[in-house]
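Structure record follows, encoded as structure tokens.
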Amino acid sequence: MSRLFTKTQKRALIVDAEKEGEADHIIPYSRGGQTDVVNGQILTSTENRKKAATQFKPREWQQRMLQSWINRPIDSKGYLAVCAPGSGKTSAALMIVRRWLNGARDRKVIIVVPSKNLQLSWRDIANKFFQINLETEDCSSNKHGFHGSVTTYQGVSSAHEYIRKRVSQSDTMVIFDEVHHCSDRSFIVTGKQ
């Protein structure tokens, strides 16, 4: 299999991403990633060079998780992954986020974590390895240049109405990290019980 995307594959990726740029492998070719539109994305030259300098090497189970998410039923409303502590769940989730954000212009992500330390860790890993910019100071803002936000379960209480509005009006992925920290008093995303 060729390392380079064909012109037809690149056109399909550009149409999907609604932007011009360089065709890039989500899972790098050097790490076994296929040269296929399913494993392709459009990045600017700067994004592509930055990614090359900080390559993330997915584990076999992380690659299977990404493929499982890609192959989930179209009408699926949720996806549950159960991972052992220290297994790489943050990176696995961010692989999915990167893939999902690449699919449309107006998509956002909200990540909810149990502590400030994890909030900063998600932000840093997302930026360094996946070129995903996450707001950590005010998840109720919609600042230009951010792909979404990462907040704590406690922080959700002050922004629950914003989160409900965001997910009801735009295409938003919500990730609950260590969901066992979520209580029935946190919030209801859709407003439906």
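A few comments on the model shown:
- Probing with 1.4 Å while keeping every protein chain in the model, the per residue accessible area of the chain equals 59 Å².
- Selection from Thr136, Val97, Ser170, by position along the positive dipole direction of the chain (Cβ): Val97
- Computed from point charges on the beta carbon alone (+1 for Lys and Arg, -1 for Asp and Glu), the dipole magnitude for the chain about its Cα centre is near 340 Debye.
- Ranking by accessible area, most exposed first, for Val174, Val113 with a 1.4 Å probe: Val174, Val113
- The solvent-accessible area of Trp100, taken with every protein chain present and a 1.4 Å probe, is close to 20 Å².
- In a reduced charge model with +1 at each Lys and Arg Cβ and -1 at each Asp and Glu Cβ, segment 93-175 shows a dipole moment near 220 debye about its Cα centre.
- As a rough guide to protection, the peptides 89-99, 160-170 ranked by mean Cβ packing within 10 Å, highest first, stand as 89-99, 160-170.
- Fraction of accessible area attributable to carbon and sulfur, the chain (%, probe 1.4 Å): 51
The values are calculated or read from the model by the stated rules, or taken from the named source; none is laboratory data. Predicted model only: the values in this text are computed from it and were never measured. Because the Cβ atoms are built from the backbone with ideal geometry, glycine has one as well, and the counts that use them run over all protein chains shown. Please note that ligands, DNA and RNA were not included when accessible areas were found on the heavy atoms of the full protein model with its side chains. Shrake-Rupley method; radii C 1.70, N 1.55, O 1.52, S 1.80 Å.
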